[in-house]
Structures are given as C-alpha cells and as structure tokens.
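Chemist: Just passing along the structure, written as structure tokens.
The values are calculated or read from the model by the stated rules, or taken from the named source; none is laboratory data. A quick note: this is a predicted structure, and the numbers were derived from the prediction, not measured. Note: ideal-geometry Cβ built from the backbone for every residue, glycine included; neighbour counts use all protein chains shown.
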Number of protein chains: 2
Amino acid sequence: MVTWNNLDTLASYKELLNVEKVDLVKAMTGENGAERVKKYSVPMAEGLAFNYGAKAVDDNILAVLAKMAEEAQLTGKFEALYNGDVINTGEKRRVLHHLTRGQLGEDVIADGVNKREFYTTQQKKVAELCEKVYAGEIVNEAGEKFTTVVQIGIGGSDLGPRALYIALENWAKKNNTLKMNAQFISNVDPDDAAAVLNNIDVAHSLFVLVSKSGTTLETLTNESFVKDALEKAGLDASKHMIAVTSETSPLAKNEGYLAAFFMDDFIGGRYSSSSAVGGVVLSLAFGPEVFAEILNGAAEQDKLAKNENIFENSAMLDALIGVYERNVLGYLDTAVLPYSQALSRFPAHLQQLDMESNGKSVNRFGEPVSYPTGPVIFGEPGTNGQHSFYQLLHQGTDIVPLQFIGFKNNQMETDVVIQGSTSQQKLCANVAAQIVAFACGKDDENLNKKFEGGRPSSIIIGEKLTPRSLGALLSHFENKVMFQGFVWNVNSFDQEGVQLGKVLAQKVLAHNTDGALKVYSDLLNI
Amino acid sequence: MVTWNNLDTLASYKELLNVEKVDLVKAMTGENGAERVKKYSVPMAEGLAFNYGAKAVDDNILAVLAKMAEEAQLTGKFEALYNGDVINTGEKRRVLHHLTRGQLGEDVIADGVNKREFYTTQQKKVAELCEKVYAGEIVNEAGEKFTTVVQIGIGGSDLGPRALYIALENWAKKNNTLKMNAQFISNVDPDDAAAVLNNIDVAHSLFVLVSKSGTTLETLTNESFVKDALEKAGLDASKHMIAVTSETSPLAKNEGYLAAFFMDDFIGGRYSSSSAVGGVVLSLAFGPEVFAEILNGAAEQDKLAKNENIFENSAMLDALIGVYERNVLGYLDTAVLPYSQALSRFPAHLQQLDMESNGKSVNRFGEPVSYPTGPVIFGEPGTNGQHSFYQLLHQGTDIVPLQFIGFKNNQMETDVVIQGSTSQQKLCANVAAQIVAFACGKDDENLNKKFEGGRPSSIIIGEKLTPRSLGALLSHFENKVMFQGFVWNVNSFDQEGVQLGKVLAQKVLAHNTDGALKVYSDLLNI
C-alpha cells in the first residue's frame, strides 16, 4: 500500500532545501564539466539517452532526490496506477493509458472487461479499417478511394495526435508509408474548419470525430460544419464520418458514422495519443504497423519507468530534477526546445500534458497545497528559437530551465555541405553550443555582452526521430508529468479548471448574463 | 532632451509600490464590474479597442502610472526615436521601423539619405516587381508564371512575415486577392527545407532570401539547399531568387538574384515586418495594395502612440500595466491568447518581439539593473488553449497575466448554427466567459472545483481581422514593447544574448572544443 503525502511533509524535501546549491558555471567549466556530462546520463528506450550534465545538481543533491523517490513511493504509486487503482481521485477513475501499449503489471479488469484486451481489440479494429480503406473496400459513393483523413477534435483529441503526425509526416514520405494525408480541425473559430475544407477534396476525405463524451461543443460544432460542406457537395456524410468515443456516448452505435472506435473514462484526453484517439488518424495516415511501432517504443520506455533506481529511470529523474528547480530553486517556467523541425508542435502537446495535469493548487484530497506545483511550459524548435526568445533565456533577469531534444540524423536524408559542414551538423553544433553557453556563460568587460551562465538544461539525444523513438519520447514525458504529480501529491488526471469557463460561455450564449459578463458580451456583439 | 533613468530611481515607481492593491474579484463582481469594463477602454486605430477592465488596476494605480509615463518621458523618448536619435545605444544605431509606414515627426536624414523616402522607394520597387510577376513579364525559363513565393529567413525574417501571412491567407482567399501561395523555410534542420521543397513546384516558385547582413548562416545554408534543388531540376537558380538585404551586403548587386530590395541597420529584425523583409513576400502573396493597407493600419496606430495621455494611448497604457504586473505584482509570464485561428502564429511573433527586445539585465548604459525586466511570452489561439494549458492559468499556484484578442466577425464569412448559436458567437462567448472566470473565480465547497479568480487580463476587440486592423495590432505590440523598454531603461533594439551560442557553434563545427562542449559534440556525432 502506498501513502499519499504532501511534498512539504517529506523529510527528504526538508533535506533538499538545505543541501548546498551547485555553482553550475564552475561545475560545467573545464575537465570537471566534461566528466559530469559523461557521467550524468540515463539510457532510455530506442537508443535515446537523457543527459542531465548541465542541470544544477550534483551527487549530494541527487542522493537526496533518490531518497525523495523512495519516501514518496514513486514506483509504488506507478505500480498502483498501472495495476488499476483509482488514481484519478477527483473523478474516481482508474488511469490506464499505459495499457494501450503494453501490460506493465497485473490484468486490469473493470466492469468484467480486461482493459488491455479492450484497447488491443480497438487497435485491431482500426487496423482492419485501414486495410479496407487502402484496399478500396471502404470507398466514397463514387466508388473511389479516400486520400485524406481529417481529425475533428480539440485539446487532447488534437494536440497529441497532431504533434505525432507532424513528427512523422516527412519520415513517412521518405519511407514510402504515407498512406493518406492528415489534416486537423480543432478551433470553434469557423475560419479553422473553413480553411481546412478549402484545402482538401471533401469527396475523397474521411473525417474522424473524436470526443470521449460525445458532447464536446467545439467538436460537435465542427462536425456540423463539415457535414454541411459534405451535403453541399452532394455527399452522404455518414459515408465519410468515423467516430472515436466512449461506448456510452451518443456517437456510439450511431448510423451517422461508418465506423466507431472506443476509448473509455480511464484514458484522459491528454494521455490519449496511444489510444484510438491517436490510433485512428495515425494508423490511417501512416499504416497500422507504423502506429504499432509508436506504441512499441512507448511500451519499452514505460518499462524503464518501473525502475526504482532514479539513475536508470529517465522519467523519474527528470521529474525530480524539475521538482528541485520548481520548489527549491524557485523557477516558474520550463522551455522545451527540440532541435528537430518535425517536433515543431511537440512543445504544444507537452504544454497541455504538463500544465493541464499539474497546474493545480489542491492535493489529491482537495486540500490546498502551500508550495508551487506544475510549471508553465513553452517552446519552439531550435534553431528558430535561437533567433527569437533565447535572448531572454541567456540574458534576462529570470532563469528558465531548458529541456533540449536532439537527434544525430535527420529524417529526410537530404542534406547539403556549406562552409565545410552539413545542415544536420550545424543543427547539432548549435544545440551543443547552446547547452554550454547557457551553463557556463562568458565574462566580458562590456556587461551588455556578458553572459552570467548558470542556466540549467537537460538534453534527450537520439539517433533519429522514428516511430519507435517518438513513442519513447512520448512515454518519457507522460511519465515525467505523472511522477511530478505524485511528488506534489496532486491529481494529475482531472481538469476541473476548465469547467467554469464552459458554464459562463453557456450563459453568454443563452443571453443569461449580468454585470461585467454582460458588458463583454455586448462589446463582442454576441 | 530626454533623460534615461532606471525604473527604481523614479519617484512614481516608489509611489506605485505603495498604492493599495486591487482586489480583482471584488472589483469585477456585480455592477461595479460592469462599470469598470465600460470605462476602462482605450480606442485604437481601425475600430480596435484596448479594454483593461479585468486588469488589477484602479483609478489610484492608473494615476500613478500616468505620473510614471510623464516622469519616464515616454512620449519624449518615442519622439526622439522617430526623429532619428541613436536609441539603439548598444549598436549605436537609429531605430526607424516606424518610417516604413509613415512620417511621425521630422525628416530623418542619415548619410545624406531621407530614410522615409528610402523605405518608400523600396516599397514602390516591390510593387513594380509584383506587377511584372503577375503580368507574366518576370517568368521562369519556360516562360511560365510563378505561382508560389518561398521566404528563406530566420528569426525576424521569418516569424513576423509568417504570422502576418497566416493572419491574412484566408481573408485574401475570401476576397480574391491571394495572388501567390507563400511558404517559409527557416530552420537549419535540413528536414525543414526538404519538406517545403517536397510540397511545392520549384519550377514555378520564387525564393526570397532575407538576411540583413547577408551572412546569416542558417539562411545561407537553406539558400544552398534550395539552389541545389533548383539545379537538380535543371533550372537556373538566379532566375528564381530575390534578395532582401542591406545595400552593403554581399547579396546586394549580385548577379545570383533577379532582384534585390533593401533595408538597413535602423530596422531591427523583429521590427522588420513592415519593411521589405515582410514587404516582398506579403506583397507578392496578397498584392502590394494589401501590404500597403497593413502599413496604413500600423501608421494610424503609431500616431496614437504619440499621445501623452495614457488613457488615449493603448500601447503606452498596456506597457505600464505590464510593468506594474512585472515589477510590483511580481508576475513573470504573460500569455497572449488570440480568439482567432488566423492569429495562430501571432503569439510566436510577439514572443520574439518582446523577449528578444526586453529580456535584458543591463540598462542602456551597460549597468546591471536590480529589477525584473521583460516577461516570458507564450500563447496559443483560443478556444484551443482552453482545452490545454488554461487549467494551470485558472487553478495553478502562480498567476499569469493574460492578453486576449477577439473579433466580432470571422474572416471567411462561412458559419453554421448549432444549438442556437453560430461558431463565431461561441468563439466570442468563450473569450467573454474566460475573462470573467479568470477575474471573478467561483467559490465551491469542494476546493478542487473552486476558482480563486484574481487573474488579470486585457482584451483587444476588433470588428474583423483585416490588413488594416492587423497592421494596427502589430503597431500596438511593437510600441508596447518599446515603451516597456523605456520604462525599464533597457535597450530594446540589440540582442547580444544571441552571440555566444553562435561563437560556440562555430567552434564545434571547427572541431575546436574541449571540456563539456567536446563531450556534447561527441554525443551528437558532430
């Protein structure tokens, strides 16, 4: 049995507050720095490695973080989670997204159903759909094959699947496994759907409507928008629409859809990329084998998250260092900086994953906590960010911890040599240079050209961004966020903070407002 | 003559620290809240309005901010800037981006050249180019018209022009003024250029190479990448390439380009959207008349920034409230949240604009400052963000000030009624609801469902996102950042923080490294 305690009740936390801080400039300069970078590395699945040489930690701090992992029973809590305990206390739900990609512990039976089998069955059904679409067994009314798949969803039904699609689109083209182009409609702004519909051939498009409850207003609105367009084109919408929803939703067993695939209440939206939410669109786009590879990569990395040794468990160590930065060093933000254009929307997914999970002020028991919890996450791909907001990161008045990601090889295998190096070498040289520049800084008599340094970062390094390494990356961050939630003793799996806005928006639409809300409604001509 | 003083030397700053804080929940609840929202609004150009009803200010605080504007001589400094003083002290340069869109003060003559005329001449030359391209006078080697324009640039040569292109792409389609599709290549990651080249027809594409110095390594590398592709397609690259650079750069008067357009050292990259940097690609894509409308909107808003009355000068008031939030209330971040899918990349542009300008720790004289300066900027369009990171904004342990943007009408004029309201009404209802939810919160016995409120926001409301209103928005934020730089007494127009990384990256590429940098280089296989 695990026990759930607030961070500030832990002996290891009190110890952590008093351990001597690291002078990162000193630690990272000279041969001492070289030794740190060699030593401070955790192997991950799929050839990835989490290197924390440039984090403001040392053996003393790490020893206390190891105690914290034990005292907070992090692996025990993870075990309880994957074995099916009701970890989502707010909504009284299990948390089973790991089961979509593997069996980490005992069978989980809920309402008489083996959940691993349930998720696997959905994946098989998706694969069957794909084969029928590719083979021309499921076709449009003119008997022609579908060429485009359009995901209609918002939040977790959009950000994760979209980030993964963009991450592998060019890889798939290069490897001749791009079966269908994918597009995404999310925003209730009608210009979003209109723009996507303008850019596709609706007659050859399948639309995947994703809403667990079947009642997400933005998504239903966009569905109507799309159905209107299909009808105006003289097409039968039900021949173009697929639902991804829960078995109890109004979208299930509904003749308006040519197929329906299911997730359940145990898969939170932001953790749903490896369920049918990501599975349908990604399988149709890349082929079910490719989606299976993403799952395999995630499953391999999930297994490593069971390890009690923080030096062999990248997600747990990353989580603990983040807690140290947030609660001891007092940093609010974390920037995610992938040196890979394919990961251009991965920071947006992590932004939801992290901020929606741990942006909480009460613990699992609904009691206020008196310490900072989840950080603000933002980021853009390098090298682009270098020519943008890195100025503040280097010379601003606040320190922002950094999470770099880099790959030795690019996806497209097309490159050019300029001034003696390839683009890929330049890309990698830049991320190496940035880590050291942030950590070590540089003195200068002209203080405008001085870099204080002492700005901590980690980097995940991989061979190449592939379906498997992408799955491993996804797992790393999901589990990092989960472990941080455990340390902060918050429920990382509900999101009550989204409710009030929904309620007030309904009041506005019903013209049932007064006070400031009425004035804003009038100003916006509603 | 203006005098430059640190914020913490100002009497108004000391006064500001001691003014009673506003209880935003109380202030925004009931009819009192309604009165605030009606009253706390500044008209802007092009029918926009800056509403700060939900900011944590009141008449007392605003009175001190008005004193600060006067004591810090904000309009005097702006006047010095647009009249050509050397405001960029770090690089000893004038700051003249306002002249690209109007004459706010005296003629500015530099090196015998009237700079307003210089910029206007470039715009006329760009317009002439456009007419020739549209008319088929400038064609590819097969005598066919160009259909696509590809901007090759990074940082300010990418983010601003790209954000503006995305903002108007659908508007232009709707208004039959999309002359050419635009694409953008920025990252040195070779997969970026490869992906763009895969998606276009190079034989019918014009490439606009943008580098002020003509030496930006990422941009030259991508140029070579593109030239390779053109040559492999049997095309003469010089018939496809246009340069935007300074007159003294190696790209000027170079036979490798079919045309060259010029900016100069007085236009910083992040302030260059209204110069030829944005002008060439946006004029080619939308027509020079549309680009001129962006400039007109910006010029109208620039004029308002001259106003000494903070209640009639949205940029200055927004800047001062931001300083209050940063330096008195102690907030680090600001989220930019446009309720407009067309503005999906506008936050990324503002991120560079703001963080690269004011992410500084030394004042204009190179002396360290002892107060926080520029905030961290991040954001995504609503309603998407609501289903993502808003959880933390509502219920997280830290307060993040919010900058909303909304429009009464959408661009595409296509909409659908679901559950009694259009998508556009839902979009607007959501932003109204969010403002009030953030400000007022909601009590609940279940603390997990309680919203503390007290989270300040402003909103810029417009009729529709058009070239003119977009220009006004751009001006508002450029001038806001400028005024904040004046208050903090930093130089908002250099970026020494980008240099160290460049130097170290060159060392890595030359294999001239030791210590930690060598280890990272080895790990990344460079």
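Chemist: For the structure I just gave you, tell me whether residue A:291 is in contact (Cβ under 8 Å) with a residue 12 or more places away in the chain, surrounded by 24 or more Cβ atoms within 10 Å (Cβ to Cβ) and under 30 Å from residue B:160 (Cβ atoms).
Modeler: Details: in contact (Cβ under 8 Å) with a residue 12 or more places away in the chain: yes; surrounded by 24 or more Cβ atoms within 10 Å (Cβ to Cβ): yes; under 30 Å from residue B:160 (Cβ atoms): no.
Taking the combined requirement at face value, the residue does not satisfy it.
Condition check ((1) among the basic types (Lys, Arg); (2) part of a helix (DSSP H, G or I); (3) touching a helix residue (DSSP H, G or I) at 6+ places or on another chain (Cβ under 9 Å)) across all residues:
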position: A:14; (1), (2), (3): yes, yes, yes
position: A:22; (1), (2), (3): no, no, yes
position: A:33; (1), (2), (3): no, yes, yes
position: A:77; (1), (2), (3): yes, yes, yes
position: A:90; (1), (2), (3): no, no, yes
position: A:105; (1), (2), (3): no, no, yes
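Chemist: Here's something else I'd like to know. Can you tell me how many residues in the stretch B:355-411 are touching a residue at least 40 places away in the same chain (Cβ under 8 Å), part of a helix (DSSP H, G or I) and over 20 Å from residue B:328 (Cβ atoms)?
Modeler: Qualifying residue count, the stretch B:355-411: 8.
Chemist: In the stretch B:161-201, how many are at pLDDT below 95 and more than 9 Å from chain A (Cβ to nearest Cβ)?
Modeler: Number satisfying all stated conditions: 1.
Chemist: Give the stretch B:54-95 a look and list any residue that's of a type in the set (Asp, Glu) and modelled with pLDDT under 95, or say none.
Modeler: Of everything in the stretch B:54-95, just one residue is of a type in the set (Asp, Glu) and modelled with pLDDT under 95, namely B:91.
Chemist: Within the stretch A:336-351, track down each residue that is surrounded by fewer than 24 Cβ atoms within 10 Å (Cβ to Cβ) and closer than 21 Å to residue B:194 by Cα.
Modeler: Residues satisfying the conditions are A:344, A:345.
Chemist: Would you mind telling me which numbered condition in (1) surrounded by fewer than 23 Cβ atoms within 10 Å (Cβ to Cβ); (2) more than 7 Å from every other protein chain (Cβ to nearest Cβ) residue A:414 fails?
Modeler: (2)
Chemist: Starting from the stretch A:34-59, take each residue that is under 16 Å from residue A:473 (Cα atoms) and assigned by TED's automatic domain parsing to the domain that holds residue A:301 and list its partners that are of a type in the set (Val, Ile, Thr) and assigned to a helix (DSSP H, G or I), counting only C-beta distances under 7 angstrom and pairs at least six apart or across chains.
Modeler: As it stands, the answer is A:51/A:37; A:52/A:321, since those pairs meet every condition given.
Chemist: Let me ask another. Which number in (1) more than 7 Å from every other protein chain (Cβ to nearest Cβ); (2) of a type in the set (S, T, N, Q); (3) buried (at least 21 other Cβ atoms within 10 Å of the Cβ) marks the one condition that residue A:506 misses?
Modeler: Just one mismatch for residue A:506, condition (3).
Chemist: With the requirement that a residue be without any contact (Cβ under 8 Å) to a residue 60 or more places away in the chain and surrounded by 13 or more Cβ atoms within 10 Å (Cβ to Cβ), what does the stretch A:15-26 give you?
Modeler: Selection gives A:15, A:19, A:22, A:26.
Chemist: Would it be correct to say that residue A:433 is of a type in the set (A, V, I, L, M, F, W, C) and closer than 30 Å to residue A:302 by Cβ?
Modeler: So residue A:433 fails the test.
Chemist: Can you go through B:403, B:395 and tell me which one is more than 7 Å from chain A (Cβ to nearest Cβ) and either surrounded by fewer than 24 Cβ atoms within 10 Å (Cβ to Cβ) or at pLDDT 95 or above (or both)?
Modeler: Testing whether each residue is more than 7 Å from chain A (Cβ to nearest Cβ) and either surrounded by fewer than 24 Cβ atoms within 10 Å (Cβ to Cβ) or at pLDDT 95 or above (or both) leaves just B:403.
Chemist: Okay, next question. Out of B:85, B:111, B:58, B:107, which single residue is of a type in the set (Asp, Glu) and closer than 30 Å to residue B:407 by Cα? So that I can check it myself, show each step before the final result.
Modeler: Numbers: B:85 fails: closer than 30 Å to residue B:407 by Cα; B:111 fails: closer than 30 Å to residue B:407 by Cα; B:107 fails: closer than 30 Å to residue B:407 by Cα.
Sole residue among the options that is of a type in the set (Asp, Glu) and closer than 30 Å to residue B:407 by Cα: B:58.
Residue by residue, here is whether (1) within 12 Å of chain A (Cβ to nearest Cβ); (2) out of contact with any strand residue (DSSP E or B) (no Cβ under 9 Å at 6 or more places or on another chain) holds:
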{"residue": "B:309", "(1), (2)": "no, yes"}
{"residue": "B:315", "(1), (2)": "no, no"}
{"residue": "B:326", "(1), (2)": "yes, no"}
{"residue": "B:345", "(1), (2)": "yes, yes"}
{"residue": "B:349", "(1), (2)": "yes, yes"}
{"residue": "B:352", "(1), (2)": "yes, no"}
{"residue": "B:365", "(1), (2)": "yes, yes"}
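Chemist: How about the stretch B:27-54: which of its residues are crowded, with 22+ Cβ neighbours inside 10 Å, β-branched (Val, Ile, Thr) and within 11 Å of chain A (Cβ to nearest Cβ)?
Modeler: B:37
Chemist: To continue, here is another question. Can you confirm whether the stretch A:200-209 contains a residue that is assigned by TED's automatic domain parsing to the domain that holds residue A:269, out of contact with any strand residue (DSSP E or B) (no Cβ under 9 Å at 6 or more places or on another chain) and surrounded by fewer than 22 Cβ atoms within 10 Å (Cβ to Cβ)?
Modeler: Yes; the residues of the stretch A:200-209 include at least one that is assigned by TED's automatic domain parsing to the domain that holds residue A:269, out of contact with any strand residue (DSSP E or B) (no Cβ under 9 Å at 6 or more places or on another chain) and surrounded by fewer than 22 Cβ atoms within 10 Å (Cβ to Cβ).
Chemist: Residue B:118 is checked against (1) assigned to a loop (DSSP other than H, G, I, E, B); (2) crowded, with 16+ Cβ neighbours inside 10 Å and fails just one. What number does that condition carry?
Modeler: (1)
Chemist: Which condition number in (1) touching a helix residue (DSSP H, G or I) at 6+ places or on another chain (Cβ under 7 Å); (2) not in a helix (DSSP H, G or I); (3) not acidic (Asp, Glu) is the one that residue B:133 fails?
Modeler: (2)
Chemist: Does the stretch B:98-112 include one or more residues that are β-branched (Val, Ile, Thr), assigned by TED's automatic domain parsing to the domain that holds residue B:230 and farther than 17 Å from residue B:305 by Cβ?
Modeler: no
Chemist: Taking residue A:327 as the residue in question, decide whether it is surrounded by fewer than 24 Cβ atoms within 10 Å (Cβ to Cβ), out of contact with any Asp or Glu (no Cβ under 9 Å at 6 or more places or on another chain), modelled with pLDDT of 95 or more and of a type in the set (S, T, N, Q).
Modeler: Against the criterion (surrounded by fewer than 24 Cβ atoms within 10 Å (Cβ to Cβ), out of contact with any Asp or Glu (no Cβ under 9 Å at 6 or more places or on another chain), modelled with pLDDT of 95 or more and of a type in the set (S, T, N, Q)), residue A:327 does not qualify.
Chemist: Continuing with the same structure: If the requirement is being more than 14 Å from the chain's Cα centre (by Cα), of a type outside the set (A, V, I, L, M, F, W, C) and crowded, with 24+ Cβ neighbours inside 10 Å, which of these qualifies: A:333, A:354, A:302?
Modeler: Just a single option satisfies the conditions, and that option is A:302.
Chemist: Residue A:57: more than 14 Å from chain B (Cβ to nearest Cβ), within 25 Å of residue A:451 (Cβ to Cβ) and either crowded, with 19+ Cβ neighbours inside 10 Å or among the hydrophobic types (A, V, I, L, M, F, W, C) (or both), yes or no?
Modeler: It is true that residue A:57 is more than 14 Å from chain B (Cβ to nearest Cβ), within 25 Å of residue A:451 (Cβ to Cβ) and either crowded, with 19+ Cβ neighbours inside 10 Å or among the hydrophobic types (A, V, I, L, M, F, W, C) (or both).
Chemist: Let me ask something additional. Has the stretch B:139-160 got any residue that is polar (S, T, N, Q), more than 9 Å from chain A (Cβ to nearest Cβ), out of contact with any strand residue (DSSP E or B) (no Cβ under 9 Å at 6 or more places or on another chain) and not in a strand (DSSP E or B)?
Modeler: So far as the stretch B:139-160 goes, no, none of its residues is polar (S, T, N, Q), more than 9 Å from chain A (Cβ to nearest Cβ), out of contact with any strand residue (DSSP E or B) (no Cβ under 9 Å at 6 or more places or on another chain) and not in a strand (DSSP E or B).
Chemist: Given the conditions (1) assigned to a loop (DSSP other than H, G, I, E, B); (2) modelled with pLDDT of 95 or more; (3) more than 14 Å from chain A (Cβ to nearest Cβ), and given that residue B:273 satisfies all but one, which numbered condition is not satisfied?
Modeler: Among (1) assigned to a loop (DSSP other than H, G, I, E, B); (2) modelled with pLDDT of 95 or more; (3) more than 14 Å from chain A (Cβ to nearest Cβ), residue B:273 violates only (3).
Chemist: Only residues in the stretch A:514-526 that are facing another protein chain (nearest Cβ under 7 Å) and under 10 Å from residue B:38 (Cα atoms) count as the first member; pair them with residues that are at pLDDT 95 or above and surrounded by fewer than 23 Cβ atoms within 10 Å (Cβ to Cβ), Cβ under 6 angstrom, at least 6 apart or cross-chain, and list the lot.
Modeler: A:516/B:34; A:519/B:34; A:519/B:38
Chemist: Right, here's the next one. Restricting to the stretch A:60-75, what's the tally of residues that are touching a residue at least 60 places away in the same chain (Cβ under 8 Å) and not in a loop (DSSP other than H, G, I, E, B)?
Modeler: Residues meeting the conditions: 10.
Chemist: Let me ask something else about it. Applying the selection to the stretch B:440-479, what residues are facing chain A (nearest Cβ under 7 Å) and either assigned to a helix (DSSP H, G or I) or of a type outside the set (A, V, I, L, M) (or both)?
Modeler: B:442, B:446, B:447, B:448, B:449, B:451
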